[in-house]
Amino acid sequence: MIRWTTGRRATLALPLLALARPALAQAAWPARAVSMVTGYAPGGLTDVTTRAIAQRMEQELGQPIVVENRVGGATSVAATYVARAAPDGYTLLMGASSLAINPALQPELTPRDPQRELEALGLAYRSAFVLHVHPDLPVRSTAEFIDYAKANPGKINFGSSGTGAVNHLALELLRKRAGIDVLHVPYRGGVPALTDLRTGRIQAMFQAALEAMPVIREGVTRAIAVSSAQRMALLPDVPAVAETLPGFDAVFWQGLFAPPGLPPTVVAPLSAALTAATEDKGLRARMAEQGVAIETGDAAVMRRILAEDSTQWGTLIREAGIRPE
C-alpha cells in the first residue's frame, strides 16, 4: 500500500513513482524483435508456412518476428540451438515431426529428449501426404493397392524423399498395418522421386500435396488416398487411408517450442498470438490451397502429439530396423 504524505516527503515520493513507471513498462515482453528458428531451408513449404504464421503473430505481439534458418542434422541444429537458449521468449523454435523421429532414428543427435528439453507452446499446422501411383498400376483405392501388393509381393517400387522422412515412415506404417511387401526406394528429396514416378521407374509414393497436385491434375499420376485420419480439403473426393485401415494417421506437423523454463508472463502472450494466427480464416484458406491444414492446438495438444508420434515412430523405426543412409 502506498501512503500519501504531505510536505517535503511527498515531493520526494512523486519523482520516485515517475521513475518506477518507465522501468515497469520496459520490463514488459516483448520489448524487441523475437527470433523464430526453423531447421528448414528458405523457400520450401515449411519455411513459407513458418513465415506466414510469424507474420500474423507479429500483429498480435507488436514486435517483429525474424525467421532464422538454421539448417543441418535433420533439423537438430535448430532444435539444439533453441533448447540451449535463454528462456526469455526471444528465441523460439518452429519445431517439426523430426523431434519425434530423431531420438529413435539418430540417437546421437540432440536434443535426445525433446519432450523434456523443449517447452511446447502450441500446434501450428499438419500436412498430410497424398498416396499417388503411376497410371500403369491397376489400382484406384487403398483396398485395391493392398490386394495388388499381396498378389505381387516385392514387385511395387515405392519411393520416398529419404530414409526416415515422414513419408517413408507413412509407407512403413502402411506396410505394417496392411501386411504387404513392397520395395522402398529412397531419394534425396521429393522432386527426384517424382521424376521417377512420372516415368514409371517407381510405381507409388506418399508425397506432399503441393508437390503431387500438378501431376495429379495433369493425369500423369493417380491419387488414391491421403495419409491423414480425415480427408484433405484440397482433395475432398480422395479417401483417407484410415477409411480402409482405421486409425491410420501419418502426417507432417509443425509446432511452436521454446527453451524450458519460460515465465508465465511470456507464455501467455505467445500462446495468444499463436492462437490468433492459427484461427485466422484468411491464413487458413491460403495455406489450405497448398495442402497445409493450419490447426489451433494449445501446449497440451502439442505435448500429446509429440508424445504419441514419438511412440508410434520410435516403435516403428526400432521394429523395422530403419537406419539413416
| query | Just to be sure, is residue 87 assigned by TED's automatic domain parsing to the domain that holds residue 260, assigned to a loop (DSSP other than H, G, I, E, B), on the phi < 0 side of the Ramachandran plot and free of Cβ contacts under 8 Å to residues at least 60 places away in the same chain? | reply | no
| remark: In the stretch 96-126, anything in contact with a Ser or Thr (Cβ under 8 Å, 6 or more places away or on another chain) and part of a strand (DSSP E or B) is listed as 96, 121, 122, 123, 124, 125, 126
| request: Could you grab me the full set of residues in the stretch 64-77 that are outside any strand (DSSP E or B) and touching a Phe, Trp or Tyr at 6+ places or on another chain (Cβ under 9 Å)? | output: 70, 71, 75
| task | Go through the stretch 266-297 and give me each residue that's surrounded by 15 or more Cβ atoms within 10 Å (Cβ to Cβ) and acidic (Asp, Glu). | result | 280, 295
| task | Could you tell me whether the stretch 272-280 includes any residue that is within 28 Å of residue 190 (Cα to Cα) and outside the structural domain of residue 178 (by TED's automatic domain parsing)? | result | yes
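Let's see how each residue does on (1) within 21 Å of residue 296 (Cα to Cα); (2) touching a strand residue (DSSP E or B) at 6+ places or on another chain (Cβ under 7 Å):
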residue	(1), (2)
58	yes, yes
145	no, yes
152	no, no
158	no, yes
| query | residue 300 versus (1) surrounded by fewer than 18 Cβ atoms within 10 Å (Cβ to Cβ); (2) among the hydrophobic types (A, V, I, L, M, F, W, C); (3) not assigned by TED's automatic domain parsing to the domain that holds residue 74: which is the lone unmet condition? | reply | (3)
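Condition check: among the aliphatic types (A, V, I, L, M), farther than 26 Å from residue 55 by Cβ and assigned by TED's automatic domain parsing to the domain that holds residue 268. Does residue 96 satisfy that?
On the way: among the aliphatic types (A, V, I, L, M): yes; farther than 26 Å from residue 55 by Cβ: no; assigned by TED's automatic domain parsing to the domain that holds residue 268: yes.
Taking the combined requirement at face value, the residue does not satisfy it.
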| Set 44, 72: member being on the phi > 0 side of the Ramachandran plot and surrounded by fewer than 17 Cβ atoms within 10 Å (Cβ to Cβ) | 72
| message | Looking at 57, 94, can you tell me which residue is crowded, with 23+ Cβ neighbours inside 10 Å and over 26 Å from residue 316 (Cβ atoms)? | response | 57
| remark: The residue from 45, 17 that alone is modelled with pLDDT under 95 and either closer than 21 Å to residue 317 by Cβ or touching a Gly at 6+ places or on another chain (Cβ under 9 Å) (or both) is 45
| said: Looking for something under 16 Å from residue 45 (Cα atoms), touching a residue at least 24 places away in the same chain (Cβ under 8 Å), part of a helix (DSSP H, G or I) and of a type in the set (D, E, K, R) - is there at least one such residue anywhere in the stretch 287-304? | reply: no
| request: Looking at (1) in contact with an Asp or Glu (Cβ under 7 Å, 6 or more places away or on another chain); (2) over 30 Å from residue 273 (Cβ atoms), find the lone condition where residue 170 falls short. | output: (1)
| query | Restricting the search to the stretch 97-114, which residues are touching a helix residue (DSSP H, G or I) at 6+ places or on another chain (Cβ under 6 Å) and closer than 18 Å to residue 262 by Cα? | reply | 111, 114
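Restricting attention to the stretch 169-181, does a residue exist that is in the same structural domain as residue 214 (by TED's automatic domain parsing) and more than 22 Å from residue 309 (Cα to Cα)?
Looking through the stretch 169-181, at least one residue is in the same structural domain as residue 214 (by TED's automatic domain parsing) and more than 22 Å from residue 309 (Cα to Cα).
The values are calculated or read from the model by the stated rules, or taken from the named source; none is laboratory data. Model, not experiment: these values are computed from the prediction. A quick note on method: Cβ atoms are made from the backbone with ideal geometry, for glycine too, and the neighbour counts reach across all protein chains shown.
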